[in-house]
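K.L.:
Below is the structure I would like to discuss, written out as structure tokens.
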Amino acid sequence: MNQIIKYDCIIVGTGPAGLGAAFKLINEKPGMKILMLDKSNYSTGGLRNDCKMNFTYPIGFTQGNWEKEEAEYYMDQVEAILNPDLMDKKNIDVYEKRASSLGVELLNIRQSHLGTDGGLALIKKLCAQLESLGIEFSLGNEAQQVLPEGKILKTAKGEYEYGSLIIAPGRQGFNFLQKVMKDLDIYYIDNIVDIGIRVETRLDHYPIVKDYYDPKFHFPGKVRTFCTNSGNAHVVQEKYKTHDGKDFYSVNGHAWSKQKKGENGLVNFAMLKTIRLTAPLASGHNYAEIIGLQAALLGGGKPIMQRVGDFRLSKRSYDHSFNDDYYDFEPTLKSCSPGDIALAMPSKIMRAIWKSMKQLDTIIPGVLHPSTIMYYPEIKMYANKPEFKDRHFAVKEDIYMIGDGAGTSRGITGAWASGIRAAEGILQ
Ligand SMILES: Cc1cc2nc3c(=O)[nH]c(=O)nc-3n(C[C@H](O)[C@H](O)[C@H](O)COP(=O)(O)OP(=O)(O)OC[C@H]3O[C@@H](n4cnc5c(N)ncnc54)[C@H](O)[C@@H]3O)c2cc1C
């Protein structure tokens, strides 16, 4: 019979939330026996994808969990470990003035950007540091169940006993988190979801990115720009499974660093609307699944893409809309189906996003060029909100839930800060 190994702390997930917790614990209490688990062979979140980091509240921090002073206190600690190379911004007052005349807010955020390749190098460096401090890693090992008795975590590779357990499985770990909450009888709500499109256009049509890498515009109607990528920018797709095993996709974006890969002359960013559901529909996740399935149905099992020129004329896009002869660039995500987003997206969301796009085009003329591509759907499911027992994100004695999956963050720095806060709870 396999012997069950006991750890002082087990951390599920090697994303920024898990890493933030690990650094805090091992630095404050050297010699602590810590295991970090990941179902993948590497951290799969935003540290690996584009890795732009925002160091200004409230970006990346979720409402209700963080006061400004508190977030800033933790952000200083995040900054001290990550030591980011912050980027300069130019002409912000010009954009701010144009935006505010339309009732739009432009947030002035301190940012750094490593690119996908730079992010990978950072992950390797951070994990090597933790290993040298004595932390054990078990990669390719999926956490499956937290037993209600005996402080046991069951994984694909065996069973482990924990003193404390930090669960930080990110958005991809949504279903695992929900299972743990159901098994352990932890009350949670899941009523918020962000739904929208990813916009891809030529750099010349969205030149603000030369002045401000990831400009954060907040529009009336709870619409915002999110996760802007340029340099060597690509739109990608992520596969998700519904609770009953059906596949659907969300698009996303990232960029390779231009120093390594050269520029491709394109920009992409998300336009997302936050949907807060109320009774009788309580599950944002279920709603998002249905939205994802509807898009997949209309896209023949793939996400949908449409040129702005076609959308404006209420026409679907076709294959020939996507050669560089007809318009002036080809899509970077070729596995999408040309189609009609208006058939797939609920009209309340579509109207709010299109109105915001028009405002954006007034602030930065050109972004609604007919060649601009809209990809659908982009879905952010960070809506599992467990009922926390304390300010360290404890959900039960010795069990903590943090990061994007548990709704304590919406970005790398907020996730990392959540990890520090949970670690403080354990250290106390
Ligand atoms: C394509 C993409 C680009 C992004 N770009 C940015 C960006 O540039 N800047 C930014 O601030 N944010 C970005 N984000 C968001 C960012 O990734 C998240 O906010 C952040 O990574 C959340 O950290 P986390 O630790 O909660 O989760 P994650 O980083 O997602 O890490 C969770 C880890 O847990 C693992 N895991 C999941 N389930 C299990 C399980 N059952 N057992 C074991 N391991 C499990 C996963 O494999 C993963 O490695 C991006 C996200 C994506 C998907």
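Where a number appears in this text, it was derived from the coordinates with a stated rule and is not lab data. Remember, it's a predicted structure, so these values are computed and weren't measured experimentally. When we count neighbours, we look across all protein chains shown, and the Cβ atoms used for this are built from the backbone with ideal geometry, even at glycine.
K.L.:
Run the numbers for ALA342 and LEU313: contour at 0.36 nm per residue of separation, minus the present Cα-Cα distance, in nm.
P.N.:
Full extension from ALA342 to LEU313 adds 9.3 nm.
K.L.:
How big is D for the chain, in µm² s⁻¹ as a whole number, if Stokes-Einstein is applied with the Kirkwood radius of its Cα pairs at 10 °C and 1.306 mPa s?
P.N.:
The estimated diffusion coefficient comes to 72 µm²/s.
K.L.:
Could you please state, rounded to a whole Å, how far the C-alpha centre of region 120-142 is from the C-alpha centre of region 325-390?
P.N.:
35 Å
K.L.:
Test of understanding: in a Gaussian network model of the chain with alpha carbons linked when under 10 Å, which of ARG316, ARG391, ARG224 would top the mean-square fluctuation ranking?
P.N.:
ARG391
K.L.:
Given a cut-off of 31 Å, name the pairs among LYS24/LYS182; LYS29/LYS68; LYS68/LYS246; LYS348/LYS389; LYS24/LYS385 whose C-alpha atoms lie farther apart than that in the structure shown.
P.N.:
LYS68/LYS246; LYS348/LYS389
K.L.:
Going by C-beta contacts inside 10 Å, put HIS218, HIS320 in order with the fewest on the left.
P.N.:
Ascending Cβ contact count within 10 Å gives the list HIS320, HIS218.
K.L.:
Starting with the highest mean, order 261-268, 138-145 by the number of other Cβ atoms within 10 Å, averaged over the residues of each peptide.
P.N.:
261-268, 138-145
K.L.:
How much length would be gained if the chain were fully extended between LEU86 and ALA156, taking 0.36 nm per residue of separation minus their Cα-Cα distance, in nm to one decimal?
P.N.:
21.2 nm
K.L.:
If the viscosity is 1.306 mPa s and the temperature 10 °C, what Stokes-Einstein diffusion coefficient in µm²/s follows for region 223-263 when Rh is the Kirkwood radius over Cα pairs?
P.N.:
In µm²/s, the coefficient is 131.
K.L.:
Just rank ILE152, ILE304, fewest to most, by other beta-carbon atoms within 10 angstrom.
P.N.:
Fewest-to-most Cβ neighbours within 10 Å comes out as ILE152, ILE304.
K.L.:
Tell me, what is the FRET efficiency for LYS334 and GLN3 to the nearest 0.05, using R0 = 41 angstrom and their Cβ-Cβ distance as r?
P.N.:
The formula returns an efficiency of 0.25 here.
K.L.:
Treat each spin label as a single point 7 Å out from the Cα along the C-beta direction, and report the LYS182 to ARG98 distance in nm.
P.N.:
Going from the LYS182 label point to the ARG98 one covers 4.9 nm.
K.L.:
Also: Only sites in a loop by DSSP and with at most 15 other Cβ atoms within 10 Å count here; which trypsin sites (Lys or Arg not before Pro) in region 5-75 make the cut?
P.N.:
LYS33
K.L.:
Which one of VAL235, HIS285, GLY253 has its Cα pushed farthest toward the positive end of the charge dipole of region 192-380, where Lys and Arg give +1 and Asp and Glu give -1 at the Cβ?
P.N.:
Going by the Cα projections, it comes out as HIS285.
K.L.:
Over 19 Å between C-alpha atoms is what I'm after, so list which of LYS89/LYS261; LYS125/LYS239; LYS239/LYS380; LYS52/LYS355; LYS52/LYS258; LYS52/LYS124 land there.
P.N.:
Among LYS89/LYS261; LYS125/LYS239; LYS239/LYS380; LYS52/LYS355; LYS52/LYS258; LYS52/LYS124, the Cα-Cα distance tops 19 Å for LYS89/LYS261; LYS125/LYS239; LYS52/LYS355.
K.L.:
Now a separate question. Arrange the following residues from fewest to most other Cβ atoms within 10 Å of their Cβ: VAL223, VAL236.
P.N.:
VAL236, VAL223
K.L.:
Suppose R0 equals 25 Å. What FRET efficiency, 1/(1 + (r/R0)^6) with r the Cβ-Cβ distance, do ARG351 and ARG110 give to the nearest 0.05?
P.N.:
0.15
K.L.:
I've got another one for you. If you count, for each residue, the other Cβ atoms within 10 Å and average over each peptide, how do 346-355, 192-201 line up from highest to lowest?
P.N.:
192-201, 346-355
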